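Single-structure report; data block below.
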Amino acid sequence: MRSYKSITRIDFLKHSGLIAAGFTFLPHSVLAAVQKSQQSDEVSMSKLAGYLIVVPDHANQLEQHAAEKLQHYLTEMSHENLVLRKEGDYPSGPAFFIGQTRYAKARGIDFKQLQVDGFAYHPAENNLIIAGGTGKGVLYGIYGLLELFGFRMYTSAAIHIPDAASISIPRNALVVIPEVEYRTTSYRDTHAPEYTDWQRLSSRNDWGLFVHTFNELVPPDQYSKTHPEYFSLVDGNRLPGTQLCLSNREVLTVLMANLKEKMAAKPSATYWSVSQNDNDQYCRCGPCTELNAKYGDVPSGSILYFVNDVAKAFPDKTISTLAYWYSRTPPQNIQAEPNVNIMLCNIESRRQGPVYETDPAFSRDLITWGKLSGNILIWDYNIQFANLVSPFPNLHTIKPNIKFYTDHHVNSLFMQTNSQAGGEMAGLRAYLISKLMWDPDADDSALMDDYLDGYYGPAGRFIRQYVDKMRESLVSSGLKLNIFGSPEDAKDAYLSADMMKVYKALFDQAEQSVAKNPQLIARAKIARLPIMYAEIQIGRSEVDTPRSMFAHTSDGKVFAKPEMKLLVQQFVSGCKQEGVTKIRERTTTPEDYEASYDRVFTKMAEMQQAKSLGKKITPVTLPEGEAATSQRLTDGLFGSWESWSAPDVNWVAFKGQHMDFILDLEEVMDIHSINMDFLNAQAQPDWNLLVLPEYVTYATSVEGKIFSNEITVRNPNNPNPKENPNIVNIPVQSFRADLGTNVKARYKKAHGESMLRMPSWHIRAGNPAWICTDQIMVD
């Protein structure tokens, strides 16, 4: 059972990694420092005003910056102006000595021991020395000291400055060296310089190129026509823009020449990625296949062979490559060059538990890659990318995953999250990930409490209960958590109707507990957004249930519930307030989301007057879900277009075939127009198999045998980006036919001309093409 008492500062140091196992401490053990609290000196605010902040006479930029940060925050806390001086101007008295001062050197501080990001606290007389390694160690030491004093940075805009009568200055020497040398994540907040420094995150500035670089190093626009042989051979066709033909030595020459130019333009960068593009169309030509066979019969064989050659040409740089998707399985009979970095990705792993439990194959791959290379960076995935605002109860897995990686000698981590603003529990996730990368042994539960209580105030205890109850529900359900999943996947598990009632009640309590604090209630309302999102997304998949978005009237007409319409508006308003820029990875702004549902609600109202509502469909070609699915084309329910990657159930999909069906209006009547809307891919069109029909034809008949009045409506946009580079992909394309006057019919025949297979210009050429439509409206 969780205790809600405030944790002490020394507790926080143990939990956050400033005092923790896994670090080097000199000359006393941390345990002794913790147990003997009298070894910390309590300094009142009035005495603190007498402390000087001292930097070397020729302080470097980082030392000066670190000193100024300490001065700023101590002044904010004490309301006294602490003085910052060069060491040559230091008279006497208590002081904080920052960086490589003569004072520190005279007391034997071993700066080399601190490596790059390590730092040391060394008390001497009435002074405290804060020393750092060759990187940002001294700045990290300052922020660590501030956390000891009670300061917190919960988000880039939420800094807690303690209202304290005194502070505790360490009286034990302490050296802290992080186990993970390279620590990054991708939340938007982590782009803020001070947040990055406070949470001790590494910088990408040391990267000249960062992942998926084949196209940049051998541009298909430049070489596709003159040298198609530079690119992947798949099913007998060369596919520029997919991957490179790694057995082609000319490709190696071109790539290294371009890479050399880029290195010359950015000489300070150490890491240069030479890595596959983000698709699985690797080269199947004879020589590439032979290379893969030679090195374990896996595609990673030709990749490592090629990258090794690049690395030999640039021995003073680190050449990084991906072990990702089709290349994750390690090769055999080959070793990585010493300056090759393997960026090992676990995009396939499920997230309901630690990866070593949910994906044993990845665990084996990590161990095997560790035998081939001494330089491995783990690219880990920590959110639900297809639904960035959706509840995703994997917080309990972050620590064991990081610990598993470091236990297997991984010293570099990229914990991928949401690079757009906002997202489910974004602040808490960024905080946890950052603290645990700094110290994999930190107490993640205590860190979570510290954040929730500090950021949400009294509401934090209810939000913690929400987190815990959702985790417990996930575990008991046995559901496998997918980073590309959706709330609908969990509608009978941790997002069941009963559990949703529990969560909503907890958020009601959270908001009530801070009702008189505008800032805290705003934060609690933002924390509720994932539950609102889940309620909408699950609701759209149900009809005539207590939580459905849609219901029928007594006379059988379908309508959208007013409370669900309001919920969409409230959710979008909350997203805008939080500054959420995308609801899905790379796509769907809050405005897009609202517009998508506005279309659903508007079209539903229009459909109630349509002559086709509820009429029988006889399929000629079968959609996904077989014949019964065809009847959805007249049920009055429209699909939202905001989720092209996993269309909602109200879209009727045809895979690898044309759309053909006959509509029976049950009696002969006047017909003026026919319309069908089709879903269009909005993002990652190079991956997506969802396309518009080339054209749609409509014809009418009185008796259902002979059809006439055929009208063809063509797709107004050429989908080939090479022929139509300025194409604008609208989310839904209408194919409307106006029949004029004096057309009487009972039957309507509709045909949608599919590509059937993705064309040669598409990155997934040859795969079945999908077309999706929702209703046929006849007026």
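Sort out which residues of the range 729-766 are in a loop (DSSP other than H, G, I, E, B) and under 23 Å from residue 279 (Cα atoms), and write them in order of number. Give the derivation first.
So in the range 729-766, the residues in a loop (DSSP other than H, G, I, E, B) come out as 729-731, 739-743, 754-756, 758-766.
Residues satisfying the conditions are 729, 755, 756, 758, 759, 760, 761, 762, 763, 764, 765, 766.
Could you check how many residues of the range 141-175 are in contact (Cβ under 8 Å) with a residue 24 or more places away in the chain and either touching a Gly at 6+ places or on another chain (Cβ under 7 Å) or β-branched (Val, Ile, Thr) (or both)?
12
Could you identify the single residue in 511, 563 that is assigned to a helix (DSSP H, G or I), loosely packed, with under 13 Cβ neighbours inside 10 Å and either at pLDDT below 95 or of a type in the set (Asp, Glu) (or both)?
Values: 511 fails: loosely packed, with under 13 Cβ neighbours inside 10 Å.
The conditions single out 563.
Going by the conditions given, is residue 361 aliphatic (A, V, I, L, M), under 20 Å from the mean Cα position of the chain (by Cα) and open to solvent by 10 Å² or more (accessible area, probe 1.4 Å)?
No, not satisfied.
Restricting the range 622-649 to residues that are in a helix (DSSP H, G or I) and surrounded by fewer than 17 Cβ atoms within 10 Å (Cβ to Cβ), which is modelled with the lowest pLDDT?
627
Could you say whether any residue in the range 367-379 is modelled with pLDDT of 95 or more, touching a Cys at 6+ places or on another chain (Cβ under 8 Å) and surrounded by fewer than 24 Cβ atoms within 10 Å (Cβ to Cβ)?
Yes, there is a match, as at least one residue in the range 367-379 is modelled with pLDDT of 95 or more, touching a Cys at 6+ places or on another chain (Cβ under 8 Å) and surrounded by fewer than 24 Cβ atoms within 10 Å (Cβ to Cβ).
With the structure loaded, tell me whether residue 506 is hydrophobic (A, V, I, L, M, F, W, C), touching a residue at least 40 places away in the same chain (Cβ under 8 Å) and assigned to a loop (DSSP other than H, G, I, E, B) or whether it fails that test.
Here the answer is no, as residue 506 does not meet what is asked.
Can residue 723 be described as at pLDDT below 90, among the charged types (D, E, K, R), over 27 Å from residue 585 (Cβ atoms) and part of a loop (DSSP other than H, G, I, E, B)?
Numbers: at pLDDT below 90: yes; among the charged types (D, E, K, R): yes; over 27 Å from residue 585 (Cβ atoms): yes; part of a loop (DSSP other than H, G, I, E, B): yes.
So residue 723 fits the description; yes.
Applying the selection to the range 669-687, what residues are open to solvent by less than 10 Å² (accessible area, probe 1.4 Å), outside any loop (DSSP other than H, G, I, E, B) and either over 16 Å from residue 773 (Cβ atoms) or modelled with pLDDT of 95 or more (or both)?
The answer is 673, 674, 676, 677, 678.
Applying the selection to the range 55-70, what residues are within 12 Å of residue 100 (Cβ to Cβ) and open to solvent by less than 20 Å² (accessible area, probe 1.4 Å)?
Passing the criteria: 55, 56, 63, 66.
If you go through the range 148-197 one residue at a time, how many are under 17 Å from residue 133 (Cβ atoms) and touching a strand residue (DSSP E or B) at 6+ places or on another chain (Cβ under 7 Å)?
Number satisfying all stated conditions: 8.
One residue is enough: does the range 547-555 have a residue meeting the conditions open to solvent by 20 Å² or more (accessible area, probe 1.4 Å) and either at positive phi or touching a His at 6+ places or on another chain (Cβ under 7 Å) (or both)? Show your work before the answer.
At the first step, the residues of the range 547-555 found to be open to solvent by 20 Å² or more (accessible area, probe 1.4 Å) are 547, 552-555.
Retained after the next criterion (residues that are either at positive phi or touching a His at 6+ places or on another chain (Cβ under 7 Å) (or both)): none.
No, every residue in the range 547-555 fails to be open to solvent by 20 Å² or more (accessible area, probe 1.4 Å) and either at positive phi or touching a His at 6+ places or on another chain (Cβ under 7 Å) (or both).
Which residue, of 697, 741, 712, is more than 48 Å from the chain's Cα centre (by Cα) and hydroxyl-bearing (Ser, Thr, Tyr)?
Being more than 48 Å from the chain's Cα centre (by Cα) and hydroxyl-bearing (Ser, Thr, Tyr) holds for just one of 697, 741, 712, which is 741.
The rows are residues; the columns are (1) open to solvent by 70 Å² or more (accessible area, probe 1.4 Å); (2) farther than 20 Å from residue 778 by Cα; (3) in contact with a helix residue (DSSP H, G or I) (Cβ under 7 Å, 6 or more places away or on another chain).
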position	(1), (2), (3)
716	yes, yes, no
724	no, yes, no
727	no, yes, no
742	yes, no, no
751	no, no, no
754	no, yes, no
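Which number in (1) within 21 Å of the chain's Cα centre (by Cα); (2) part of a loop (DSSP other than H, G, I, E, B) marks the one condition that residue 379 misses?
The failed condition is (2).
Residue by residue, here is whether (1) closer than 25 Å to residue 181 by Cβ; (2) modelled with pLDDT of 95 or more; (3) hydrophobic (A, V, I, L, M, F, W, C) holds:
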residue	(1), (2), (3)
421	no, no, yes
430	yes, yes, yes
434	yes, yes, no
445	no, yes, no
453	no, yes, no
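Do we find a residue being under 27 Å from residue 584 (Cα atoms) and crowded, with 16+ Cβ neighbours inside 10 Å anywhere in the range 604-613? Before you say what the answer is, go through the steps one by one.
The initial filter retains those residues of the range 604-613 that are under 27 Å from residue 584 (Cα atoms), namely 604.
After this cut, where a residue has to be crowded, with 16+ Cβ neighbours inside 10 Å as well, the list is 604.
Yes, some residue in the range 604-613 is under 27 Å from residue 584 (Cα atoms) and crowded, with 16+ Cβ neighbours inside 10 Å.
So which residues in the range 264-297 are open to solvent by 20 Å² or more (accessible area, probe 1.4 Å) and among the hydrophobic types (A, V, I, L, M, F, W, C), if there are any at all?
264, 265, 291, 293
Do you know which residues across the range 224-249 are open to solvent by 50 Å² or more (accessible area, probe 1.4 Å) and closer than 15 Å to residue 287 by Cβ?
229, 238, 249
Hey, can you tell me all the residues within the range 319-341 that are surrounded by 21 or more Cβ atoms within 10 Å (Cβ to Cβ) and closer than 21 Å to residue 262 by Cα?
Within the range 319-341, 319, 320, 321, 322, 340, 341 qualify.
Which residues, taken from the range 371-385, are farther than 21 Å from residue 579 by Cβ and touching a strand residue (DSSP E or B) at 6+ places or on another chain (Cβ under 6 Å)?
373, 375, 376, 377, 378, 379, 380, 381
Any idea which residue in the range 88-123 is farthest from residue 135 (Cα to Cα), counting only those that are open to solvent by less than 20 Å² (accessible area, probe 1.4 Å) and assigned to a helix (DSSP H, G or I)?
104
State whether one or more residues within the range 650-668 are open to solvent by 50 Å² or more (accessible area, probe 1.4 Å), aliphatic (A, V, I, L, M) and modelled with pLDDT of 95 or more.
Yes.
Can we say residue 399 is without any contact (Cβ under 8 Å) to a residue 40 or more places away in the chain and open to solvent by 10 Å² or more (accessible area, probe 1.4 Å)?
no
Have a look at 333, 341 and point out the one that is over 29 Å from residue 527 (Cβ atoms), within 23 Å of the chain's Cα centre (by Cα) and either touching a residue at least 12 places away in the same chain (Cβ under 8 Å) or not in a strand (DSSP E or B) (or both). Walk me through how you get there before you give the answer.
On the way: 333 fails: within 23 Å of the chain's Cα centre (by Cα).
Sole residue among the options that is over 29 Å from residue 527 (Cβ atoms), within 23 Å of the chain's Cα centre (by Cα) and either touching a residue at least 12 places away in the same chain (Cβ under 8 Å) or not in a strand (DSSP E or B) (or both): 341.
The values are calculated or read from the model by the stated rules, or taken from the named source; none is laboratory data. In this text the structure is predicted, and so the values were computed from the model without any measurement. No Cβ is skipped: glycine too gets one built from the backbone with ideal geometry, and neighbour counts run over all protein chains shown. Calculation scope for accessible area: heavy atoms of the full protein, side chains included, ligands and nucleic acids excluded. Shrake-Rupley method; radii C 1.70, N 1.55, O 1.52, S 1.80 Å.
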